[in-house]
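Novice: Shown below is the structure under consideration.
The values are calculated or read from the model by the stated rules, or taken from the named source; none is laboratory data. All values derive from a computational prediction rather than experimental measurement. Cβ placement follows ideal geometry from the backbone for every residue including glycine, while neighbour counts extend to all protein chains displayed.
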Amino acid sequence: MDAERVPPGIDPTKAHPSRRYNYWLGGKDNFAVDRESAEMVASAFPTVGLAARENRAFMRRVVGYLAGEAGIGQFLDIGTGLPSAGNVHEIAQGIDPSARIVYVDNDPIVLVHARALLTSEPQGRTAYIDADLRDPEKILADADLRRTLDLSRPVALMLVATMHFITDDHDPYGIVRTLLGALPSGSHLVMTHATGDHLTPEEYAVNVEANERSGVPFRLRSHDEFARFFDGLELLPPGVGSVVEWRPEEPAEDRPAVEDVSMLCAVARVP
Ligand SMILES: C[S@@+](CC[C@H](N)C(=O)[O-])C[C@H]1O[C@@H](n2cnc3c(N)ncnc32)[C@H](O)[C@@H]1O
């Protein structure tokens with residue numbers, strides 16, 4: 001994007017997670033500051049672009065599973081990112097045209113492009129809420145959310161590649177607990193999260209430092225720290241593991257190495 005012609009409300013001088021992710025996915029909705037931040041992270045973790053693509057592929061598989069086999073007709077997708085091929089509503093409504101999807105993000109650039117998320121099938125419904133995950137009560141009280149989702153019926157809460165932007169001072173476990181507290185039995189939690197578990201202590205330190213320099217607050221979490229988000233829920237097979245290995249469609253020999261992706265995932269049912 002041209003930093004000379006910036007839509008109102010957009011800051012082209014500070015790196016933003018959605019625009020940086022868009023760069024890693026090969027998109028054009030990013031500024032020089034985002035690309036510099038992306039390259040800084042890539043200097044410490046060169047396969048970060050692969051990680052972004054594998055994360056997106058997981059999201060496609062999991063929405064297909066939930067809308068199909070699991071029969072979930074409602075999705076609350078927080079940390080949506082810029083619209084991209086295969087948005088949640090396109091996948092879900094491709095299986096169940098009556099599916100209802102609420103998207104939430106706090107980045108003004110996602111709001112600018114939100115129209116692409118509102119192309120619902122006539123039988124279903126989509127909404128976009130410009131809100132911050134760190135204020136979950138506000139999201140739950142939002143009139144558009146209440147109009148779109150029936151919270152007496154199961155909802156899939158999607159926090160895909162989003163919780164690693166919530167640092168410990170913002171009570172990440174409390175946020176997830178609050179959101180799940182509003183959802184009935186049979187709802188599902190879907191989460192992916194970057195991990196440093198496969199790094200040596202030296203590599204870990206280099207990654208933390210590169211993330212700090214990149215201008216985007218970021219928290220790598222270990223397998224156990226990630227698993228804590230699912231306390232009290234019923235994990236679906238294969239449990240907590242790499243996005244690469246969650247109901248894969250490719251034979252093992254064609255899949256990337258788990259270490260090169262370093263993205264944990266799990267899907268669990270609210271009892
Ligand atoms: C890496 S993108 C992931 C996009 C999409 N979920 C996916 O996996 O393809 C993370 C998104 O989370 C959003 N995000 C980060 N912190 C947030 C917050 N506090 N509230 C709402 N959204 C947030 C960013 O703006 C960004 O769009």
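Novice: Is it the case that residue 51 is closer than 25 Å to residue 247 by Cα, of a type in the set (Gly, Ala, Ser), away from the ligand (no atom under 11 Å from the Cβ) and at pLDDT 95 or above?
Specialist: Working: closer than 25 Å to residue 247 by Cα: yes; of a type in the set (Gly, Ala, Ser): yes; away from the ligand (no atom under 11 Å from the Cβ): no; at pLDDT 95 or above: yes.
Here the answer is no, as residue 51 does not meet what is asked.
Novice: Of everything in the stretch 135-148 that's surrounded by 15 or more Cβ atoms within 10 Å (Cβ to Cβ) and within 11 Å of the ligand (Cβ to nearest atom), which residue is nearest to residue 1 (Cα to Cα)?
Specialist: 139
Novice: Would you call residue 70 within 16 Å of the chain's Cα centre (by Cα) and small (Gly, Ala, Ser)? Show your work before the answer.
Specialist: Numbers: within 16 Å of the chain's Cα centre (by Cα): no; small (Gly, Ala, Ser): yes.
Against the criterion (within 16 Å of the chain's Cα centre (by Cα) and small (Gly, Ala, Ser)), residue 70 does not qualify.
Novice: How many of the residues making up the stretch 83-103 are buried (at least 24 other Cβ atoms within 10 Å of the Cβ) and within 11 Å of the ligand (Cβ to nearest atom)?
Specialist: Summing the residues that are buried (at least 24 other Cβ atoms within 10 Å of the Cβ) and within 11 Å of the ligand (Cβ to nearest atom) in the stretch 83-103 gives 2.
Novice: Residue 152 is checked against (1) polar (S, T, N, Q); (2) free of Cβ contacts under 8 Å to residues at least 40 places away in the same chain; (3) touching a Lys or Arg at 6+ places or on another chain (Cβ under 7 Å) and fails just one. What number does that condition carry?
Specialist: It fails just one condition, (3).
Novice: Taking the condition of being under 25 Å from residue 8 (Cβ atoms), surrounded by fewer than 23 Cβ atoms within 10 Å (Cβ to Cβ) and without any contact (Cβ under 8 Å) to a residue 40 or more places away in the chain, how many residues in the stretch 104-126 meet it?
Specialist: Looking only at the stretch 104-126, we keep the residues that are under 25 Å from residue 8 (Cβ atoms), and these are 104-119, 126.
Adding the requirement that they be surrounded by fewer than 23 Cβ atoms within 10 Å (Cβ to Cβ) leaves 106-108, 111-116, 118-119.
From the residues that got through so far, the ones that are without any contact (Cβ under 8 Å) to a residue 40 or more places away in the chain too are 106, 114-116, 118-119.
Counting residues in the stretch 104-126 that are under 25 Å from residue 8 (Cβ atoms), surrounded by fewer than 23 Cβ atoms within 10 Å (Cβ to Cβ) and without any contact (Cβ under 8 Å) to a residue 40 or more places away in the chain gives 6.
Novice: Considering only residues that are over 18 Å from the mean Cα position of the chain (by Cα) and assigned to a helix (DSSP H, G or I), look in the stretch 24-33 and name the one that is surrounded by the fewest Cβ atoms within 10 Å (Cβ to Cβ).
Specialist: Looking at the filtered set, the residue picked out is 32.
Novice: Residues in the stretch 79-91: is at least one in a strand (DSSP E or B), closer than 19 Å to residue 125 by Cα and in contact with a helix residue (DSSP H, G or I) (Cβ under 9 Å, 6 or more places away or on another chain)?
Specialist: Step one: list which residues in the stretch 79-91 are in a strand (DSSP E or B), which gives none.
No, that holds for no residue.
Novice: With 21, 65 as the choices, which residue is surrounded by 21 or more Cβ atoms within 10 Å (Cβ to Cβ) and either among the hydroxyl-bearing types (Ser, Thr, Tyr) or free of Cβ contacts under 8 Å to residues at least 12 places away in the same chain (or both)?
Specialist: On the way: 65 fails: surrounded by 21 or more Cβ atoms within 10 Å (Cβ to Cβ).
One residue alone meets the criteria, 21.
Novice: Let me ask something else. Mind counting the residues in the stretch 174-202 that are away from the ligand (no atom under 15 Å from the Cβ) and on the phi < 0 side of the Ramachandran plot? Walk me through it before giving the result.
Specialist: Narrowing the stretch 174-202 to residues away from the ligand (no atom under 15 Å from the Cβ): 177, 180-188, 196-202.
Checking which are on the phi < 0 side of the Ramachandran plot leaves us with 177, 180-185, 187-188, 196-202.
The total comes to 16.
Novice: May I ask you to list the residues in the stretch 69-78 that are within 11 Å of the ligand (Cβ to nearest atom) and either assigned to a helix (DSSP H, G or I) or over 19 Å from residue 151 (Cβ atoms) (or both)?
Specialist: Looking only at the stretch 69-78, we keep the residues that are within 11 Å of the ligand (Cβ to nearest atom), and these are 77-78.
Result: no residue meets the conditions.
Novice: Right, residue 63: more than 10 Å from the ligand (Cβ to nearest atom), on the phi < 0 side of the Ramachandran plot and at pLDDT below 95 or not? Give the derivation first.
Specialist: Values: more than 10 Å from the ligand (Cβ to nearest atom): yes; on the phi < 0 side of the Ramachandran plot: yes; at pLDDT below 95: no.
No; evaluated as a whole, the condition is false for this residue.
Novice: Continuing with the same structure: Within the stretch 168-192, take every residue that is within 15 Å of residue 220 (Cα to Cα) and within 15 Å of the chain's Cα centre (by Cα) and give me the one that is surrounded by the most Cβ atoms within 10 Å (Cβ to Cβ).
Specialist: Applying the filter and picking the extreme gives 192.
Novice: I'm checking my understanding of the structure. Among residues of the stretch 232-259 that are closer than 14 Å to residue 191 by Cα and of a type in the set (A, V, I, L, M), which one is surrounded by the most Cβ atoms within 10 Å (Cβ to Cβ)?
Specialist: Out of the qualifying residues, it is 243.
Novice: Also: Go through (1) within 16 Å of the ligand (Cβ to nearest atom); (2) farther than 24 Å from residue 239 by Cβ; (3) of a type in the set (A, V, I, L, M, F, W, C) one by one and return the number of the condition residue 205 breaks.
Specialist: Failed condition: (1).
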